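For reference, the structure discussed in these notes is given below.
The values are calculated or read from the model by the stated rules, or taken from the named source; none is laboratory data. Please read all numbers here as calculations on a predicted model, not as lab measurements. Neighbour counts are summed over all protein chains in view; Cβ atoms, including those assigned to glycine, are modelled from backbone coordinates with ideal geometry.
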Amino acid sequence: MKKNVVKRLLTSLLTVSMVAMLLAGCGGNSSSSSSSSSESAAAKTEESAPAAESEAAGTEAAAEEGAGTDDTFIADRTITVQVYVDDIGNTLPDDLNNTPVMQEITKRTGIKLDINYTPGESDGDVLSAQLASGTIPDVIFCYLNNSTRPEFSILKKAANEGMFADVSEYMANSKVYCKYMEEGYLPADSYQNIVFRDDWDEPGVYLLHLSIDQKDTSLEIIPEEEYIGGMWIQKRIADDLGIDPKTINTMDQFYDLLVQIKEKGYTDDNGNPVYPLGPKYWGGSPDALQYIITGYDWGVSDGYNIDEDGNVKHVAETDYVYDGINFIRKLLAENLINPEFFTMDSTRAEEVSKNHNSAIMADCHNYVDIIYESDDWIPLGPLNDISGDNREIVSGKGGYGCMAISADAENPEEIFKFFDWLSTYEGQLLAEYGVEGLSYNMVDGYPVLTDEAMQHVNAGDEDWMINSVGAAFGGSGNYFFEFALTDRNNLEYFGESRPGANSEDSSYARSVELVKEYQVEKKLVPGLSATAYLSADEMADVNAQMSLLDWDETFVQACFASSDEEVTKIIESFRSQLKAAGVEKFEEYVKSVYEEDPTLVSFFH
């Protein structure tokens, strides 16, 4: 099986990296001062905050002497970047290279950036079209949570066609990316399917997964870093009904609550009747169903699960599918759910949430302003899954984005070195907090936002964060610098989860308090979603056919069917389409992977 090949590759890579590190150390080179950024991060993580502060201060003092110090200087050049991430495109500074952050980065490294974003029907479509043209700028960035995302097949094809530079020779001597070679540092999917694929020329590294946590804290509950997703109920309604939202855990309890809300006849800020259940805050979408029909959601792994006999099935092939559809049909028939639950655009969904037209939002999280700026909303549930368990499922470490350097780029090693430096402690401090004395000061070894900066952050003043400073501010400002980082460890590096989070007057104070009050136990279910294995070479024909099917669309169509008979026809038709696409071949393949190592597929029952 593939994992045996991966083990041999790992052994080979570790041998190379051990030799390199014996000579230079991870992140070292011949310069006596070259590892200062790496050592600063290590000091911050393993020794003491003041030590890191001293190191950072020393780096800044050296930088003030001008670009060209052995410390951090890379090259006097502009790196052209193409991003396929709308959040980056929407937060690019008016003049990036004249922001204080970028000026400081250029002073230290010599590098300037030219970042481009091209809007389109979707970022994935633009990525596909531009890669198909055969020409890309120096480096590209795109979304890539894991190898199951549709972007991966596009990136893989481009890598196979020689569009990306092989950066493997630079990794062992890098400051941060050398960690990717360490056994267990990368998530299994990142290691086996994205960074060190065994079907590329050895050692062959063409894609670098981003936003990897330095440590796996997925089972820990760290209030400063937790996101509470899922359903939220208006506090005034919960109080009026005299219910504790945390105790609503079963499908029956949830249905009864919706009925109670309707019978009470609540109205919104404009005097209109409240819908008991509204769409998610960001717009209508079937993906919110994971919180709504949790008790009937048999397809826990992108629609697939394994039954008691050890057979892999898609939810459409089981009777669970009718349970979920019939539940939504009942809510629609009894006017307990907004009829635009699946289709409402993002602007209107935000509006109906903010004017309290939904008694319950299908999905939001504690770092959205509608939640942290007031106590209007509190978490509901979570509901039990099919096994009667309402613990939050986590799979361990994960990633969020991807970087690839063009094979045609001039001196690709300089590009690699720059983004490697950006993820050191020194680079992350600049990227997240800005320039010392302007937007933060060091206090007891940690960065603390200035009063002015805190006021702008609390006010959500994006223009100030993006143009007057140019830093990420935890994703609220220049999002490129948030997206491009990896080896994340904000609590140990900076003493807080995001800039300003520890401030007494932080607007995010309620976000943290909500986690403390509504803690949910976590459950580790390691592995990739079943559909990750559609990318296997053996599944190429099935993958091509499966890509033509849309289960979400089919489910929604069934929910709005005119009769139970029509629901059956819709589901039976989809089952036939699945079979024709080769689902049985795929299910047998995933079953063989799971039987060899259950940690490779995220199944539970």
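Details
- Candidate set from the range 259-305 (those that are outside any loop (DSSP other than H, G, I, E, B) and of a type in the set (Ser, Thr, Tyr)); member that is farthest from Val590 (Cα to Cα): Thr267
- Residues (under 17 Å from the mean Cα position of the chain (by Cα) and either of a type in the set (D, E, K, R) or surrounded by fewer than 24 Cβ atoms within 10 Å (Cβ to Cβ) (or both)) located in the range 447-482: Gly474, Gly475, Ser476, Tyr479, Glu482
- When the strands (runs of 3 or more DSSP E) confined to the range 325-404 are screened for residues that are in the same structural domain as Val274 (by TED's automatic domain parsing) and within 21 Å of the chain's Cα centre (by Cα), those reaching at least 1 such residues are found at 392-394.
- Qualifying residues in the range 429-446 (those that are buried (at least 17 other Cβ atoms within 10 Å of the Cβ) and farther than 14 Å from Gly477 by Cβ) - the one nearest to the chain's Cα centre (by Cα): Leu429
- Being buried (at least 18 other Cβ atoms within 10 Å of the Cβ), more than 20 Å from Ser423 (Cβ to Cβ), in the same structural domain as Leu422 (by TED's automatic domain parsing) and out of contact with any His (no Cβ under 6 Å at 6 or more places or on another chain) is a property that Leu127 has.
- In this structure, Glu565 qualifies as part of a helix (DSSP H, G or I), without any contact (Cβ under 8 Å) to a residue 12 or more places away in the chain and more than 25 Å from the chain's Cα centre (by Cα).
- Sole exception among (1) crowded, with 20+ Cβ neighbours inside 10 Å; (2) among the small types (Gly, Ala, Ser); (3) closer than 30 Å to Asn193 by Cα for Ser506, by number: (3)
- Ser168 meets each of the listed conditions (1) modelled with pLDDT of 95 or more; (2) buried (at least 22 other Cβ atoms within 10 Å of the Cβ); (3) small (Gly, Ala, Ser) apart from (2).
- Qualifying position, being buried (at least 20 other Cβ atoms within 10 Å of the Cβ), closer than 18 Å to Ile306 by Cβ and at pLDDT 90 or above, among Phe603, Phe494: Phe603
- Assessment of the range 92-109 against the conditions (crowded, with 21+ Cβ neighbours inside 10 Å and among the basic types (Lys, Arg)) yields at least one matching residue.
- Subset of the range 247-274 (residues that are farther than 14 Å from Ile293 by Cα, touching a Lys or Arg at 6+ places or on another chain (Cβ under 9 Å) and surrounded by 14 or more Cβ atoms within 10 Å (Cβ to Cβ)): Tyr266, Val274
- Residue count for the range 181-214, restricted to those that are in contact with a Lys or Arg (Cβ under 9 Å, 6 or more places away or on another chain), of a type in the set (Phe, Trp, Tyr) and crowded, with 20+ Cβ neighbours inside 10 Å: 1
- Comparison of Glu202, Glu220 shows that the only residue that is modelled with pLDDT under 90 and farther than 30 Å from Asp376 by Cα is Glu202.
- Exactly one residue out of Val556, Val512 is more than 21 Å from Ser395 (Cβ to Cβ), part of a helix (DSSP H, G or I), modelled with pLDDT of 95 or more and of a type in the set (Val, Ile, Thr): that is Val556.
- Residues in the range 297-316 that are buried (at least 23 other Cβ atoms within 10 Å of the Cβ) and over 26 Å from the mean Cα position of the chain (by Cα): Val312, Ala316.
- Test: residue in the range 418-425 that is within 28 Å of Asp369 (Cα to Cα) and of a type in the set (Gly, Ala, Ser): no
- Search result, residues across the range 261-280 that are touching a residue at least 12 places away in the same chain (Cβ under 8 Å) and acidic (Asp, Glu): Asp268, Asp269
- Top-ranked residue of the range 134-165 - restricted to ones that are part of a helix (DSSP H, G or I) and of a type in the set (D, E, K, R), ranked as surrounded by the fewest Cβ atoms within 10 Å (Cβ to Cβ): Lys157
- Taking the range 388-405 as the range and being surrounded by 20 or more Cβ atoms within 10 Å (Cβ to Cβ) and either among the small types (Gly, Ala, Ser) or in contact with a Phe, Trp or Tyr (Cβ under 6 Å, 6 or more places away or on another chain) (or both) as the test, the residues that pass are Gly399, Gly401, Met403, Ala404.
- All positions within the range 588-600 that are surrounded by fewer than 20 Cβ atoms within 10 Å (Cβ to Cβ) and in a helix (DSSP H, G or I): Glu588, Tyr589, Lys591, Ser592, Glu595, Glu596, Pro598, Thr599
- With respect to the conditions (1) more than 24 Å from Arg510 (Cα to Cα); (2) surrounded by 22 or more Cβ atoms within 10 Å (Cβ to Cβ), Glu334 falls short on a single one, namely (2).
- Among the numbered conditions (1) farther than 22 Å from Thr424 by Cβ; (2) of a type in the set (Ser, Thr, Tyr); (3) crowded, with 16+ Cβ neighbours inside 10 Å; (4) within 19 Å of the chain's Cα centre (by Cα), the only one that Tyr227 does not meet is (3).
- Residues being in contact with a helix residue (DSSP H, G or I) (Cβ under 6 Å, 6 or more places away or on another chain) and of a type in the set (Ser, Thr, Tyr) are entirely absent from the range 250-261.
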